[in-house]
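Comments concern the structure below.
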Amino acid sequence: MDRFYITTAIDYVNGAPHIGHAYEKILTDIIARHYSQRTNDMYFLTGTDEHGIKIQKTAAAKGISPKELCDENSQKFKDAWKALDINYNKFIRTTDDYHKKTVQKIFKKLVEQGDIYKNSYEGLYCSGCECFLNPKDLTEDGLCPDHLKKPDVVKEENYFFKLTKYKDAIIKHIKENPDFIVPAFRANEVLNQLEDIQDISVSRAKSNVKWGIDVLDDPEQSIYVWIDALSNYITAIGYDTENPSEDFKKYWPVDVHVIGKDILKFHSIYWPAFLLALDLPLPKHIFAHGWITIDETKMSKSLGNVISPTSVLESFELKEPDAFRYYMATSAPCGRDGNYSDDDFKEKVNAHLANSMGNLLNRTLSMLVKYFDGEVKEEFLISANNELVEGSQKLIKHALGTVKVVENHFNHFEIAEAAQEIMGIVDMANKFVTDNAPWTLAKEGKMTECGQVLTTVLEIMCVVTALIYPYCPNFAKEMARQLSFNLDAKLDDLTSDNIKCGKLISKEEIKPVFLRVDSELADKSAKK
Ligand code: ME8
């Protein structure tokens with residue numbers, strides 16, 4: 001694997017980021033950090049989607065210009081991602097000049113080659129979805145099923161993209177590449193949607209939608225959001241219709257677009273069609289994650305249950321975002337919906353991160369200091385002809401085997417499933433300590449055995465540190481420091497002898513990795 005290119009959806013800036021947006025960016029960051037342990041060249045793109053009627057209307061309601069609204073809110077997304085340690089390489093804004101220029105060129109090329117044509121049109125437009133709806137998809141009351149709002153009747157001259165021309169090629173691609181859409185169960189939904197696909201409107205009359213990129217040579221039309229938004233994945237890395245950049249040649253096609261299930265149609269039908277028309281290769285994978293609810297209820301402004309990610313960190317007084325990242329990333333199996341609740345958050349991170357993982361490292365190192373002044377002796381190292389404590393070699397081998405299992409989960413974007421494997425090793429190591437009771441061995445004077453038990457656990461904690469790093473980068477750095485473990489190493493370089501002989505740690509250097517979330521704090525209502 002020589003390089004890895006990963007993207008998130010770009011968020012609409014008509015509001016501030018909430019924990020649904022955060023969920024996606026956390027998943028993407030975890031995948032990116034994991035793959036940076038497997039490749040030397042990672043490119044992670046995120047950003048904001050800033051055009052369209054929704055943003056125009058929100059700005060008007062606030063009495064500010066759309067650009068002012070975009071600047072204000074785009075910064076809120078950047079601030080939130082900083083607080084969550086989202087380590088992206090580039091943040092694109094669709095109001096960036098280079099993006100607008102390339103989108104205009106893309107549009108012009110598609111017009112010139114006959115893939116885009118002008119036609120008059122009457123349809124039902126939902127500004128929540130920023131797209132025209134098919135009347136058969138409305139609720140019984142004629143509302144948009146996602147936004148529960150009555151769509152506007154729009155009659156305009158629009159430019160249309162010949163989606164129907166690419167229908168068969170896309171169906172073929174989906175059928176021949178079963179891992180194109182992840183999770184696989186969503187592919188059927190997309191194939192069904194493809195059945196009655198029509199050509200799509202790709203512009204809006206300027207008289208109705210002012211806040212958009214002008215169509216070159218026809219400034220009475222604005223390029224409508226999806227062709228603008230989806231193109232970010234190539235404009236950000238330097239695509240140009242005539243002279244694409246070296247970065248573009250290196251990174252395209254993208255390894256994975258991480259998006260929510262609600263926008264799968266746009267990514268697995270519209271986007272491939274635009275790419276085919278541009279004669280560009282298709283994305284390797286499109287990973288559609290599920291949605292996050294709050295206390296099992298859909299997040300909505302009217303219910304007042306929208307939670308911002310930074311307010312969770314503040315209300316639990318978390319100095320680092322690691323526990324929140326871990327909780328969100330493990331909230332649902334691949335592609336399924338997840339839920340956030342204060343009680344569940346507290347319970348899970350206390351159990352997994354404080355009690356099982358952090359505490360195991362803490363007490364093992366403390367025993368090493370207590371019994372051996374923090375020194376790992378030659379005879380503690382476990383090898384085929386030096387295994388005094390039964391099962392130690394097997395356990396270390398199992399932990400190393402888990403690295404491959406975790407990698408395999410990541411190959412399928414199974415982030416929660418991979419975390420479960422990592423916690424599985426932690427549980428086994430905890431059981432190993434309980435079963436072998438190093439404190440009893442020490443009391444009985446079996447010091448080499450005692451040292452072997454502790455060294456086995458420390459060896460396993462090195463593997464855990466490397467594997468948990470994408471989820472909890474700060475905790476992993478602290479664990480690596482205490483273990484003198486090189487966290488920059490690639491996963492392939494993990495061995496069974498990460499712990500070396502000699503003084504490992506002193507009493508003063510031992511610190512708890514993660515303190516339990518205080519139950520009192522969870523009752524604060526500040527975060528709502
Ligand atoms: O759709 N749980 O923007 P957006 C999980 N601009 N994910 C959620 C969520 C929730 N409760 N709410 C939203 C757009 N998301 C377009 C994308 S990409 C070229 C253009 C996810 O701000 C949603 O599924 O409405 C999407 O992937 C992302 O947040 C941005 O949503």
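The values are calculated or read from the model by the stated rules, or taken from the named source; none is laboratory data. Not measured: the values here are computed from a predicted model. Quick reminder, even Gly has a Cβ in these numbers, built from the backbone with ideal geometry, and neighbours come from all protein chains shown. To get the accessible areas, we keep the full protein, side chains included, count just its heavy atoms, and leave off ligands, DNA and RNA. Shrake-Rupley method; radii C 1.70, N 1.55, O 1.52, S 1.80 Å.
Full extension of the chain between ASP247 and LYS109 yields a length gain of 47.5 nm, computed as 0.36 nm times the residue separation minus the alpha carbon distance. Placing a label point 7 Å from the Cα of ASN119 along the Cα-to-Cβ direction, the residues of the range 125-152 with a backbone N closer than 18 Å are 125, 131-136. Remark: spin-label model distance GLU220-ALA489 equals 6.8 nm, labels positioned 7 Å along the Cα→Cβ axis. Rounded to the nearest 10 degrees, the angle from helix 66-83 to the longest Cα principal axis of the chain is 10 degrees. Looking at the range 243-389, the pairs of alpha carbons with a distance over 24 Å make up 60% of the total.
Were the residues from GLN420 through LYS172 laid out at 0.36 nm apart, the gain over their Cα-Cα distance would be 85.8 nm. Report, in degrees rounded to the nearest 10, the 0 to 90 angle that the Cα long axis of helix 473-483 makes with the longest principal axis of the chain. Taking Cα atoms only, the helix is inclined about 20 degrees. For the chain, the normalised intensity computed at q = 0.05, 0.07, 0.08, 0.09 Å⁻¹ comes to -0.24, -0.46, -0.58, -0.71 (log10 of I(q)/I(0), Debye sum over alpha carbons, equal scatterers, no solvent).
How much net charge surrounds ILE505 when only the other residues with a Cβ under 15 Å from the Cβ of ILE505 are counted, with Lys and Arg +1 and Asp and Glu -1?
Details: positive: ARG363, LYS370, LYS377, ARG481, LYS500, LYS503, LYS507, LYS511; negative: ASP373, GLU375, GLU459, GLU478, GLU508, GLU509.
Overall, the nearby charge balance is +2.
Distances over 18 Å make up what percent of all Cα-Cα pairs in the range 407-519? Can you show the working numbers first?
On the way: 3715 of 6328 pairs.
Everything past 18 Å amounts to 59 percent.
Think of the chain as having a plus end and a minus end, set by charges on the Cβ of Lys, Arg, Asp and Glu; of SER36, GLN393, CYS462, SER36 sits farthest toward the positive end of this dipole. Taking every DSSP bridge with both residues inside the range 1-138, close to 25 percent are antiparallel. Here LYS477 is the anchor, and the lysines within straight C-alpha reach of less than 17 Å, apart from those fewer than 8 places off in the same chain, are LYS319, LYS490, LYS511.
As I understand it, the dipole of the chain uses +1 on the Cβ of Lys and Arg and -1 on the Cβ of Asp and Glu, about the Cα centre. Which of LEU318, HIS257, PHE432 lies farthest toward its positive end? Going by the charge dipole, the pick is LEU318. Ellipticity at 222 nm from helices only: DSSP H runs of n ≥ 4 in the chain, each -39500 (n - 2.57), divided by the residue count, give -13500 deg cm²/dmol. Summary of the geometry: the range 455-489 and the range 305-347, compared by the centres of their Cα atoms, lie 22 Å apart.
Beyond 31 Å between alpha-carbons counts as too far, so tell me which of LYS394/LYS443; LYS25/LYS503; LYS57/LYS172; LYS25/LYS108; LYS57/LYS101; LYS206/LYS249 fall in that bin.
Values: LYS394/LYS443 26 Å; LYS25/LYS503 40 Å; LYS57/LYS172 40 Å; LYS25/LYS108 33 Å; LYS57/LYS101 24 Å; LYS206/LYS249 35 Å.
Check vs 31 Å cut-off fails for LYS25/LYS503; LYS57/LYS172; LYS25/LYS108; LYS206/LYS249.
Label sites at GLU379 and ASP279, each approximated as a point 7 angstrom past Cα along Cα to Cβ, lie 7.4 nm apart.
Taking all protein chains into account, the per residue accessible area for the chain stands at 42 Å² (1.4 Å probe).
Helix 53-62 and the long axis of the chain differ in direction by around 80°, with both axes built from C-alpha atoms.
Where Rh denotes the Kirkwood radius from the mean inverse Cα pair distance, what is Rg over Rh for the range 315-401? Numbers along the way, then the final one.
Values: Rg = 18.4 Å, Rh = 16.3 Å.
Taking Rg over the Kirkwood Rh, I get 1.12.
Distance between the modelled labels on LYS62 and ASN192, one decimal in nanometres: 3.8 nm (7 Å Cα→Cβ projection).
Please work out how much length the chain gains when fully extended from ARG3 to LYS165, using 0.36 nm per residue of separation minus the C-alpha to C-alpha distance, in nm with one decimal. It would help to have the intermediate numbers written out before the result.
Values: separation 162, 0.36 × 162 = 58.32 nm, distance 3.27 nm.
That works out to 55.1 nm of additional length.
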